[in-house]
Amino acid sequence: MAIPTRAQGCVSKGLLLSASVLALWTLQNSQAALHIQKIPEEPLKNQDLLLSVQGIPGNFQDFNWYQGEKTDGGTMLFSYIPGLKRPQRDGSAMKQRDIVGLANGSMLLRHIQPNDSGLYQVVVTINPSWTMKAKTTVQVMEKHEQLSKTHIPVNMGIMVAIVIGSLAAGALLIGCFAYFLIMKGWKSRNHRQYNPLSLASGDDNNIYEVMPSPMLLVSPLRDTRPTNPATHPPLPAPLQPEPENHHYQDLLNPDPAPYCQLVPAP
């Protein structure tokens, strides 16, 4: 029994569609399986960066590295064909850079610079009908930028501690100075109030008053000239003018000389 031509055409179209879906699914899975690991993850200026390709099958024909969104001759860094004496062939995007391809599909960028930042892609050819792709973005940072990001929290903490410590030290110093002034003034006021020597200074806080004596005290006069008892007899003291209260003074201060006598006032 012969199969109609129309039925054969439908079967052929179904097989072709199934094959296309299977090929697309295989390609998507192969692209998802390929992965690029950056070592280190955040490269610094003048460091070596390794873009390690993982997930490549054991046998492959070649691989090509590109820098940029497109994968053509203008963005090709190099192609690598295992088995050749010189497997690496540099492309137009190499631009005298020190880039080395490795046999496992990875790429080593030596002494990387900030202008090397960008998108990198690798295309691995397993066979003429099967290729695998992967891409990654590289951002090269300056050393001082990395150090500033690392040390900003530490520097801020140190600055806050210094400011707080300075304010605390200033407050303590001001408090000590104020306490010293208060204590000095208090001691000075107490010293003026209770010091006995301040009685003669005319201070208003004196509680004593100097009053004149109600009587005149007379001391006997003596001859201060050197005398010789053997040659010169003692002379009587000269008579002093008698004050009005002479009799009162004589009673208070009797004269020890034998020739003194009380004379009544006229």
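The values are calculated or read from the model by the stated rules, or taken from the named source; none is laboratory data. For clarity, every value in this text was computed on a predicted model and none was experimentally measured. With ideal geometry, Cβ positions are generated from the backbone for all residues, glycine too; neighbour counts draw on all protein chains shown. Just so you know, the surface numbers come from the protein's heavy atoms only, side chains and all, with ligands and any DNA or RNA stripped out. Shrake-Rupley method; radii C 1.70, N 1.55, O 1.52, S 1.80 Å.
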Inspect the range 114-132 for any residue being exposed (fewer than 12 other Cβ atoms within 10 Å of the Cβ) and either at pLDDT 95 or above or part of a loop (DSSP other than H, G, I, E, B) (or both) and give the result as yes or no. yes
When every residue in the range 133-153 that is among the aliphatic types (A, V, I, L, M) and open to solvent by less than 80 Å² (accessible area, probe 1.4 Å) is compared, the one modelled with the lowest pLDDT is Met141
Within the range 15-46, the residues that are surrounded by 15 or more Cβ atoms within 10 Å (Cβ to Cβ) and modelled with pLDDT of 55 or more are Leu34, Ile36, Lys38, Pro43, Leu44, Lys45
Subset of the range 86-131, residues basic (Lys, Arg) and in contact with a helix residue (DSSP H, G or I) (Cβ under 8 Å, 6 or more places away or on another chain), comes to Arg97
**Asked** Got at least one residue in the range 79-92 being in contact with a Pro (Cβ under 6 Å, 6 or more places away or on another chain), assigned to a strand (DSSP E or B), of a type outside the set (D, E, K, R) and closer than 20 Å to Ile36 by Cα?
**Response** yes
Here the residues within the range 93-102 that are assigned to a strand (DSSP E or B) and either over 46 Å from the mean Cα position of the chain (by Cα) or loosely packed, with under 11 Cβ neighbours inside 10 Å (or both) are Gly101
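Please find, within the range 178-198, the residue that is modelled with the lowest pLDDT out of those that are hydroxyl-bearing (Ser, Thr, Tyr) and surrounded by 10 or more Cβ atoms within 10 Å (Cβ to Cβ).
Here the answer is Ser198.
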Considering residues that are open to solvent by 70 Å² or more (accessible area, probe 1.4 Å), part of a loop (DSSP other than H, G, I, E, B) and in contact (Cβ under 8 Å) with a residue 12 or more places away in the chain, the number found within the range 48-64 is 3
